Amino acid sequence: MKLGFRWYGPSDSIPLTYIREISGMETVVTSVYSYKPGEKWDLESLKALKKEANEKGLAMDVIESIPVSEDIKRGTPLAKEHIETFKHNLRLCAEVGVKVVCYNFMPVFDWLRTEMHHQNPDGSNSLSYSYDDFCKVDPKNLHLPGWDESYSPEELQDLLKIYQGISHEQLRANLIRFLQEVIPVCEECDIKLAIHPDDPPWDVFGLPRIVSCEADLDAMFEAVPSIYNGLTLCTGSFGAGKHNDVAHMAEKYAKQGRIHFAHLRNILFTDDHDSFVETGHAYGSLDMAKIAKALVDNGFDGYVRPDHGRNIFGENGKPGYGLYDRALGAAYIKGLFDMAEKNK
């Protein structure tokens with residue numbers, strides 16, 4: 001296992017010097033954030049990120065993410081051009097030594113929460129999803145935490161409209177078409193592609209979700225069997241769906257060599273409707289020790305990062321991406337993997 005930490009580039013409030021001080025930390029997980037989906041990246045931007053990380057003693061082995069445009073997801077006439085751009089960006093990543101690229105295929109929303117600063121009994125605050133609060137959202141006048149800063153209600157309505165009539169089958173066909181085009185480039189460049197699951201793993205606002213369960217993954221891997229077509233095992237995303245047994249999925253797909261990257265975080269269910277709060281990594285409804293053991297016992301040797309943490313110790317960080325709780329999570333994760341390795 002190789003431990004990484006999400007870094008949003010030079011504008012990140014958490015400096016690389018702090019990340020480097022986390023015990024066992026090897027690599028940053030980052031991206032070029034100045035381009036929109038479907039736009040070509042430039043090599044110099046990637047080289048600059050790598051140089052900055054290397055100077056602080058960190059590698060840059062994982063890119064999260066190369067965004068997939070809505071045109072690719074919908075299969076519009078622009079899809080072919082944008083797929084070629086995605087290939088271009090893959091080759092640039094390979095040129096600077098990137099080993100894994102994470103991406104997602106979620107229409108419009110690549111995550112969804114109903115509260116950004118849920119107050120926990122221990123005094124911390126964290127991201128949360130409430131079924132009751134979600135039911136109060138008016139789909140015709142969308143105001144969503146974290147998304148109001150990105151889109152106006154009118155823009156969100158326009159995005160929802162363009163997906164009207166697109167079924168799960170059509171979206172999956174577009175994903176397969178995309179993979180059939182880009183996976184040969186991954187093989188050529190020796191760079192692994194790792195799809196991130198739907199977050200949360202169910203349809204939202206009538207938008208189809210197609211990376212939410214084992215059956216979805218099996219269909220994707222059967223259609224494009226190359227080992228370069230892989231998975232980002234996000235425990236919090238899969239785990240938010242009670243239909244998923246995350247430890248079993250870790251065992252199954254690690255054994256197949258499909259897990260190239262893992263986001264490890266915990267959640268705590270708060271009712272019978274899949275409502276949850278994001279907790280510290282060592283406490284919640286998911287058995288993190290069992291998941292880590294399943295990965296180790298079945299040959300996983302890829303990249304791991306501590307995913308969302310709480311705001312603790314008075315920190316007022318970016319929701320999910322403060323320093324302290326993710327640093328604690330990294331230490332906990334390393335301990336789980338060390339013990340799993342010793343007991344293998």
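Details
- Taking every alpha-carbon pair under 8 Å whose residues sit at least 6 apart, region 1-139 reaches a relative contact order of 19 percent.
- Percent of alpha-carbon pairs separated by more than 38 Å within the chain: 9 percent
- Most fluctuating residue given options T235, T114, T76, as computed from a GNM of the chain linking Cα atoms under 10 Å: T76
- Extended-chain gain in nm, criterion 0.36 nm per residue less alpha-carbon gap, E55 and A223: 56.3 nm
- Residue with peak Gaussian network fluctuation, the chain [Cα springs, cutoff 10 Å], from N311, N298, N125: N298
- Amide H contacts of G322: G309, each under 5 Å away and 5 or more positions distant or on a separate chain (H built 1.01 Å from N in the peptide plane; Pro and chain starts excluded).
- Sequence-separation-based contact order of the chain, relative, with Cα cut under 8 Å and 6+ spacing, percent: 17 percent
- Phi-based couplings in Hz for region 106-122 (Karplus 6.51, -1.76, 1.60; Gly and Pro marked x): 8, x, 6, 9, 9, 6, 8, 9, 9, 8, 8, 10, 4, 7, 8, x, 7
- The listed residues H273, H117 rank as H273, H117 when sorted by accessible area, largest first, using a 1.4 Å probe.
- For peptides 182-191, 65-74, sequence by mean Cβ density within 10 Å, most packed first: 65-74, 182-191
- Estimated FRET transfer efficiency (K47, E181; beta-carbon r; R0 22 Å; 0.05): 0.25
- Pairwise centroid distance, computed over Cα atoms, of region 56-80 with region 225-288, Å: 22 Å
- Region 165-213 and region 90-109 have Cα centres separated by 13 Å.
- Take the Cα of S11, step 7 Å toward its Cβ, do the same at D245, and the gap between the two points is 4.4 nm.
- Under 5 Å between amide hydrogens, built in the peptide plane, is the criterion, and for T232 it picks out I195, H196 among residues at least 5 positions away or on other chains.
- The label point for S152 and the one for Q170, both projected 7 Å from the Cα toward the Cβ, are 2.7 nm apart.
- Ignoring aspartates and glutamates fewer than eight residues from K36 along the same chain, the ones with Cα atoms less than 12 angstrom from its Cα are E70.
- Within straight-line reach of K56, meaning a Cα separation under 24 Å, sit the following lysines at least 8 residues removed in sequence or on another chain: K2, K47, K99, K318, K334.
- Hits among aspartates and glutamates - C-alpha to C-alpha of K87 under 14 Å, sequence gap 8 or more where chains match: E39, D42, E95, E181, E187, E188, D190
- Among D245, D325, D61, residue whose mean-square fluctuation peaks in a GNM of the chain (springs only between Cα atoms under 10 Å): D245
The values are calculated or read from the model by the stated rules, or taken from the named source; none is laboratory data. None of these values were measured; they are calculated from a predicted model. Backbone-built Cβ (ideal geometry, glycine too); neighbour counts: all protein chains shown. With ligands, DNA and RNA removed, areas are computed over all heavy atoms of the protein, side chains included. Shrake-Rupley method; radii C 1.70, N 1.55, O 1.52, S 1.80 Å.
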